Amino acid sequence: MGKFKDLTGLRFGRLTVVRMDKERKNTHIVWECKCDCGNTCHVLGYAMHYGNTKSCGCLEQENRLTFSQFNTKHNYSNDPVLCHVYHVWKSIKGRCRRKTDKRYHRYGGRGISICSEWEDPVNFVNWAIANGYRRGLTLDRIDNDGNYCPENCRFISIRENNRNSSNTHLTMSDIASIRAEYKTGNFKQVDIACKYGITQQTVSKIINYRSWKN
Ligand SMILES: [Zn+2]
């Protein structure tokens with residue numbers, strides 16, 4: 001029998017555990033929690049334990065608001081550098097947190113997380129600018145098994161990153177997604193380049209079948 005840990009009364013981020021739910025979710029224990037904002041929510045114990053769930057959802061909501069305030073102030077949509085950095089942040093969040101992200105198994109799925117400071121995109125963007133981000137550079141984790149946090153990250157050239165890490169190599173399914181996304185007409189080449197951490201020239205080669213011909 002697995003070890004049972006009573007979480008009643010414990011705090012995880014903004015959540016205080018009130019009681020155990022009667023119902024299980026796929027045999028996992030679910031806890032009723034009270035969020036600091038006043039909402040009640042039901043959360044899996046391990047999701048709180050590993051720090052994945054820290055609020056009823058209000059924290060993410062505030063991060064979005066914070067970014068939109070930041071956007072208004074800095075007019076990020078007209079600034080390609082800020083735009084790219086924000087895309088980098090979104091992409092990190094996706095592969096570390098969103099189980100439906102097709103790269104999740106290589107990141108969040110093997111325990112790689114994003115530090116609490118970088119939960120807020122403004123902190124990430126500020127760090128990136130202060131640490132010499134410019135076009136053509138890509139975010140690199142110094143320890144490939146380490147987390148996304150200021151101590152473990154730096155910017156290096158894309159070519160260097162491809163040499164350092166097999167993670168940045170595109171898979172055939174990436175290639176298919178890039179072509180499909182471009183075909184929808186909703187994304188510019190530069191947005192796709194941002195998302196996959198590759199250059200716009202590479203995107204252009206892929207969608208014009210000059211690379212990955214089949
Ligand atoms: Zn809340």
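A short reminder: the numbers here are calculations on the coordinates, not readings from a lab. All figures in this text were calculated on a predicted structure; none of them were measured in a lab. Note: ideal-geometry Cβ built from the backbone for every residue, glycine included; neighbour counts use all protein chains shown.
Before moving on, here are some points about what is shown:
- Under Karplus coefficients 6.51, -1.76 and 1.60, residue-wise ³J(HN,Hα) of segment 141-155 in Hz, glycine/proline x: 8, 4, 9, 5, 9, x, 8, 7, 7, x, 5, 10, 10, 7, 9
- Going from the residue with the fewest nearby Cβ atoms within 10 Å to the one with the most, Thr100, Thr16, Thr53, Thr171 rank Thr100, Thr171, Thr16, Thr53.
- Arranged from fewest to most other beta-carbon atoms within 10 Å of their beta carbon, Ile175, Ile129 become Ile129, Ile175.
- Length gained when the stretch Arg106-Ala180 is fully extended (0.36 nm per residue, less Cα-Cα span): 24.4 nm
- Note, ³J(HN,Hα) from phi for segment 185-198, Karplus 6.51, -1.76, 1.60, rounded to Hz, x at Gly and Pro: x, 8, 10, 7, 3, 5, 5, 5, 4, 4, 4, 9, x, 10
- Relative exposure of Ile207, Ile198, judged by other C-beta atoms within 10 Å (fewest first): Ile207, Ile198
- Low-density loop positions, trypsin sites (Lys or Arg not before Pro), segment 14-64 - DSSP coil, at most 13 other Cβ in 10 Å: none
- Remark on Ser211: its backbone amide H falls under 5 Å from those of Ile206, a criterion applied only to residues 5 or more positions apart or on other chains, H modelled at 1.01 Å from N.
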